[in-house]
Amino acid sequence: MQDQGRSTRKRTGGRLKNVRKRRKNELGRQPTETQVGEPRFRTVDARGNDTKTRALATNVASVNTGDETVSADIEDVVENDANPNYVRRNIITKGAVIETSEGRARVTSRPGQTGQVNAVLLED
(Lines give C-alpha, C1' and ligand atoms only; values in the text may rest on other atoms or scores of the structure.)
Protein backbone atom coordinates (compact mmCIF):
# COMPACT_ATOMS: atom_id res chain seq x y z
CA MET A 1 0.00 0.00 0.00
CA GLN A 2 1.41 3.35 -0.94
CA ASP A 3 1.63 6.17 1.58
CA GLN A 4 -0.22 9.17 0.25
CA GLY A 5 1.28 11.58 2.76
CA ARG A 6 -0.47 14.20 4.81
CA SER A 7 -3.30 16.38 3.60
CA THR A 8 -2.42 19.43 1.50
CA ARG A 9 -5.01 21.53 3.33
CA LYS A 10 -5.39 22.82 6.87
CA ARG A 11 -8.49 22.31 9.01
CA THR A 12 -9.52 25.83 8.06
CA GLY A 13 -9.20 25.14 4.32
CA GLY A 14 -5.90 26.95 3.82
CA ARG A 15 -3.07 25.28 1.94
CA LEU A 16 -0.13 23.58 3.65
CA LYS A 17 3.37 23.89 2.22
CA ASN A 18 5.58 20.82 1.86
CA VAL A 19 8.23 20.70 4.56
CA ARG A 20 10.27 18.04 2.74
CA LYS A 21 10.07 15.43 -0.01
CA ARG A 22 9.07 11.81 0.53
CA ARG A 23 11.51 9.55 2.32
CA LYS A 24 12.54 6.15 0.95
CA ASN A 25 10.87 4.38 3.90
CA GLU A 26 7.54 6.13 3.16
CA LEU A 27 7.24 4.64 -0.31
CA GLY A 28 5.10 1.56 -0.87
CA ARG A 29 4.75 -1.04 -3.59
CA GLN A 30 1.85 -2.43 -5.56
CA PRO A 31 0.36 -5.56 -3.97
CA THR A 32 1.66 -8.92 -5.15
CA GLU A 33 -1.42 -10.79 -6.28
CA THR A 34 -0.26 -14.41 -6.07
CA GLN A 35 -2.11 -16.54 -8.61
CA VAL A 36 -2.64 -20.28 -8.95
CA GLY A 37 -0.37 -21.58 -11.68
CA GLU A 38 3.15 -22.55 -12.68
CA PRO A 39 5.49 -21.34 -9.87
CA ARG A 40 7.03 -17.92 -10.51
CA PHE A 41 8.96 -15.91 -7.89
CA ARG A 42 10.51 -12.47 -7.65
CA THR A 43 13.08 -11.26 -5.13
CA VAL A 44 12.81 -7.67 -3.92
CA ASP A 45 14.99 -5.63 -1.59
CA ALA A 46 13.55 -5.00 1.85
CA ARG A 47 14.52 -2.62 4.62
CA GLY A 48 17.97 -3.19 6.03
CA ASN A 49 20.23 -5.84 4.53
CA ASP A 50 17.25 -8.04 3.77
CA THR A 51 15.28 -9.44 0.84
CA LYS A 52 11.75 -10.72 0.36
CA THR A 53 10.72 -13.49 -2.00
CA ARG A 54 7.39 -12.73 -3.60
CA ALA A 55 5.36 -15.58 -5.08
CA LEU A 56 3.83 -14.27 -8.31
CA ALA A 57 2.26 -17.67 -8.98
CA THR A 58 2.32 -21.03 -7.22
CA ASN A 59 0.49 -24.34 -7.30
CA VAL A 60 1.91 -26.00 -4.16
CA ALA A 61 0.86 -25.51 -0.53
CA SER A 62 2.18 -26.93 2.73
CA VAL A 63 -1.00 -28.16 4.41
CA ASN A 64 -1.10 -28.92 8.14
CA THR A 65 -3.44 -31.85 8.76
CA GLY A 66 -3.20 -31.70 12.55
CA ASP A 67 -0.40 -34.17 13.27
CA GLU A 68 1.75 -33.70 10.17
CA THR A 69 2.42 -31.26 7.34
CA VAL A 70 2.12 -32.48 3.77
CA SER A 71 2.78 -30.85 0.42
CA ALA A 72 -0.45 -30.56 -1.58
CA ASP A 73 -1.38 -29.29 -5.04
CA ILE A 74 -3.55 -26.17 -5.16
CA GLU A 75 -6.52 -26.72 -7.44
CA ASP A 76 -8.69 -23.64 -6.94
CA VAL A 77 -9.49 -20.61 -4.75
CA VAL A 78 -12.88 -21.21 -3.13
CA GLU A 79 -13.29 -18.16 -0.89
CA ASN A 80 -11.35 -14.96 -0.21
CA ASP A 81 -12.55 -12.41 2.36
CA ALA A 82 -9.96 -9.85 1.20
CA ASN A 83 -11.77 -9.30 -2.11
CA PRO A 84 -14.65 -11.22 -3.74
CA ASN A 85 -13.08 -10.70 -7.18
CA TYR A 86 -9.97 -12.62 -6.06
CA VAL A 87 -11.98 -15.87 -6.16
CA ARG A 88 -12.76 -15.40 -9.86
CA ARG A 89 -9.18 -14.44 -10.62
CA ASN A 90 -7.69 -17.31 -8.51
CA ILE A 91 -5.62 -14.96 -6.32
CA ILE A 92 -4.25 -16.32 -3.04
CA THR A 93 -3.87 -14.08 0.02
CA LYS A 94 -3.70 -14.76 3.74
CA GLY A 95 -7.07 -16.06 4.95
CA ALA A 96 -8.15 -17.37 1.56
CA VAL A 97 -9.82 -20.80 1.43
CA ILE A 98 -8.22 -22.99 -1.23
CA GLU A 99 -9.15 -26.36 -2.67
CA THR A 100 -6.16 -28.71 -2.46
CA SER A 101 -5.50 -32.36 -3.18
CA GLU A 102 -5.85 -32.94 0.60
CA GLY A 103 -9.17 -31.04 0.86
CA ARG A 104 -10.19 -27.48 1.67
CA ALA A 105 -7.64 -25.42 3.60
CA ARG A 106 -7.28 -21.86 4.88
CA VAL A 107 -4.07 -19.98 4.03
CA THR A 108 -2.12 -18.85 7.11
CA SER A 109 0.98 -17.41 5.42
CA ARG A 110 1.43 -14.31 3.26
CA PRO A 111 2.56 -15.59 -0.16
CA GLY A 112 3.28 -12.10 -1.48
CA GLN A 113 5.72 -11.52 1.40
CA THR A 114 7.25 -14.93 2.12
CA GLY A 115 6.94 -16.69 -1.23
CA GLN A 116 5.27 -19.80 0.18
CA VAL A 117 1.74 -20.96 0.89
CA ASN A 118 1.13 -22.53 4.30
CA ALA A 119 -2.40 -23.67 5.09
CA VAL A 120 -4.46 -25.45 7.74
CA LEU A 121 -6.96 -28.13 6.75
CA LEU A 122 -10.59 -27.23 7.43
CA GLU A 123 -12.98 -29.69 9.03
CA ASP A 124 -16.07 -29.97 6.82
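The values are calculated or read from the model by the stated rules, or taken from the named source; none is laboratory data. The model shown is predicted, which means the values in this text are computed figures rather than measured ones. Glycine gets a Cβ as well: all are built from the backbone with ideal geometry, and neighbour counts include every protein chain shown. Keep in mind that these areas ignore ligands, DNA and RNA; they rest on the heavy atoms of the full protein, side chains included. Shrake-Rupley method; radii C 1.70, N 1.55, O 1.52, S 1.80 Å.
In the set I98, I74, which member is β-branched (V, I, T) and under 15 Å from the mean Cα position of the chain (by Cα)? Working first, answer last.
Details: I74 fails: under 15 Å from the mean Cα position of the chain (by Cα).
The conditions single out I98.
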> Which of the residues spanning region 74-102 are in contact (Cβ under 8 Å) with a residue 24 or more places away in the chain and over 25 Å from K52 (Cβ atoms)?
Replying inline: E75, D76, V78, E99, S101, E102
> Considering T51, T114, T65, T12, which residue is out of contact with any Leu (no Cβ under 8 Å at 6 or more places or on another chain) and in contact (Cβ under 8 Å) with a residue 40 or more places away in the chain?
Replying inline: T114
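Looking at region 73-85, is at least one residue touching a Lys or Arg at 6+ places or on another chain (Cβ under 7 Å), assigned to a loop (DSSP other than H, G, I, E, B) and surrounded by fewer than 14 Cβ atoms within 10 Å (Cβ to Cβ)?
Taking region 73-85 as the starting set, the residues that turn out to be touching a Lys or Arg at 6+ places or on another chain (Cβ under 7 Å) are 78.
Remaining after also requiring assigned to a loop (DSSP other than H, G, I, E, B): none.
No: region 73-85 contains no residue that is touching a Lys or Arg at 6+ places or on another chain (Cβ under 7 Å), assigned to a loop (DSSP other than H, G, I, E, B) and surrounded by fewer than 14 Cβ atoms within 10 Å (Cβ to Cβ).
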> Applying the selection to region 94-114, what residues are out of contact with any Asp or Glu (no Cβ under 8 Å at 6 or more places or on another chain) and either assigned to a loop (DSSP other than H, G, I, E, B) or of a type in the set (S, T, N, Q) (or both)?
Replying inline: K94, E102, T108, S109, R110, Q113, T114
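So which of R42, R11, R54 is in a loop (DSSP other than H, G, I, E, B) and among the basic types (K, R)? Working first, answer last.
Details: R42 fails: in a loop (DSSP other than H, G, I, E, B); R54 fails: in a loop (DSSP other than H, G, I, E, B).
So the residue among R42, R11, R54 that is in a loop (DSSP other than H, G, I, E, B) and among the basic types (K, R) is R11.
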> What number of residues within region 8-59 are within 15 Å of the chain's Cα centre (by Cα) and open to solvent by 100 Å² or more (accessible area, probe 1.4 Å)?
Replying inline: 5
>> Only one of G66, G5 is more than 21 Å from T114 (Cβ to Cβ), of a type outside the set (S, T, Y), open to solvent by 60 Å² or more (accessible area, probe 1.4 Å) and in a loop (DSSP other than H, G, I, E, B). Can you tell me which?
In response: G66
